[in-house]
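Below is one structure, written out as structure tokens, with a few remarks after it.
What follows draws every value from the coordinates through simple rules; no lab data is involved. None of the values given here were measured: they were computed from a predicted structure. Heads up, the Cβs are rebuilt from the backbone with ideal geometry, glycines too, and the neighbour counts pull from every protein chain shown.
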Protein chains: 2
Amino acid sequence: MSLRFDPIAEAGRNWTEHDWSQTDAMLAATSITRAYQIMLARINDALAPLGLNFSRFEVLTLLSFTRAGELPMGKIGDRLQVHATSVTNTVDRLVEAGLVERVQHPTDGRTTLARLRPEGHSLVRKGQAALSEIDFGLIGLETSAQRSIYNTLTSFRQANGDFSE
Amino acid sequence: MSLRFDPIAEAGRNWTEHDWSQTDAMLAATSITRAYQIMLARINDALAPLGLNFSRFEVLTLLSFTRAGELPMGKIGDRLQVHATSVTNTVDRLVEAGLVERVQHPTDGRTTLARLRPEGHSLVRKGQAALSEIDFGLIGLETSAQRSIYNTLTSFRQANGDFSE
DNA sequence: GGGAAATAGTTGGACGTCCAACTATTTGAG
DNA sequence: CTCAAATAGTTGGACGTCCAACTATTTCCC
């Protein structure tokens, strides 16, 4: 299944050979893409026995960190930085699974709250344990490397307007 | 649109506060996810005027690096590390766009070759130029940081069996 | 206080990726 | 030589994400 050589390194050699520029950026972009795929697959494999995937786990976690265990749909999207439609979809699944319920906002008729149900609260702990066990899909990365990646990518995100501080 | 604080850093604070483990891995995983989304969106924006996206560009590039400008479908999947069905889908689009053609393998009746047409050959250069101009979506990352990420993620990929060398 | 503009959320459609199942061809063990 | 197993590719279905368009509600400004 896996190649006996690194196809990304091979692409780098071809890139250089053809005098194409920005080889470093190409290699970084390709590595990030592939590492992301590997990491996400491992995370989803670990969550699958719980009936969760990474998106659903993130929503549950976010809700579990709030005082009342509830948040407007829009705020969920802001925090997780995904589109409103993705939140709608994810919350649909969580509602189907009985982990979350939709509640009308007490004062603003436009707003819908997603509220954690007790089932969701207990499942989020299991998910957290499952992901800790596999190091969030990052087994093979030293803690120092994890920190280094976090720091580097945080400045990248900030430079790209992901947040202002 | 963008928050005035970093939601990932905020998640890290919550994580620590609740005594959940593997905070470093969580932060790295979340950063990789978000950085990947930003990078991919920039890449696809740059390629959209050419009628391409990153997957299609990768296939064209790979073909352009071969002697005959052709490769079996399966080899494309191996090199780009995507499933056979994704290759079928991507090549379908490239054929529709007149950039690639499907050809029977001369000796093995099972195999289909994707062959670059002249239109594809000229477009791949434009795509390469477009992506170089935006640093493969990685503007905001120094070259040294790009190299560091590449090196770190390459060892991660190897540790996860992405290739053996 | 009335109506345009902004905000919140959902729906439907497109796309890309994955999986399972399928067809067709080739390989290889006996 | 033959037939089961392996290989190559496609199809159909599920899922997640995105966008454009839409409904409903609230805000704001004159």
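Quick look at the values:
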| item | result |
| --- | --- |
| Qualifying residue in the range B:123-130 (condition: more than 8 Å from DNA strand C (Cβ to nearest atom) and away from every other protein chain (no Cβ under 12 Å)) | yes |
| Selected residue [closer than 30 Å to B:S132 by Cα, at the interface with another protein chain (Cβ under 8 Å from one of its Cβ atoms), under 24 Å from the mean Cα position of the chain (by Cα) and without any contact (Cβ under 8 Å) to a residue 12 or more places away in the chain] from B:A48, B:A28 | B:A28 |
| Number of the condition not met by B:A41 [criteria: (1) surrounded by 15 or more Cβ atoms within 10 Å (Cβ to Cβ); (2) within 12 Å of chain A (Cβ to nearest Cβ); (3) within 14 Å of DNA strand D (Cβ to nearest atom); (4) in a helix (DSSP H, G or I)] | (1) |
| Residue match in the range A:110-120 (condition: within 8 Å of another protein chain (Cβ to nearest Cβ), away from DNA strand D (no atom under 14 Å from the Cβ) and touching a Gly at 6+ places or on another chain (Cβ under 8 Å)) | no |
| Selected residue (criterion: farthest from the other protein chains (Cβ to nearest Cβ)) from residues of the range A:52-87 that are exposed (fewer than 14 other Cβ atoms within 10 Å of the Cβ) and within 14 Å of DNA strand D (Cβ to nearest atom) | A:T85 |
| Residue that is farthest from A:Q37 (Cα to Cα), among those in the range B:88-109 that are more than 7 Å from DNA strand D (Cβ to nearest atom) and of a type in the set (S, T, Y) | B:T107 |
| Every pair of residues 6+ apart whose Cβ atoms lie under 9 Å, when the first sits in the range A:55-66 and is under 15 Å from B:T33 (Cα atoms) and of a type in the set (D, E) while the second is near DNA strand D (Cβ under 10 Å from one of its atoms) and not in a helix (DSSP H, G or I) | A:E58/A:V82 |
| Odd one out for B:L138, checked against (1) within 16 Å of DNA strand D (Cβ to nearest atom); (2) within 14 Å of another protein chain (Cβ to nearest Cβ) | (1) |
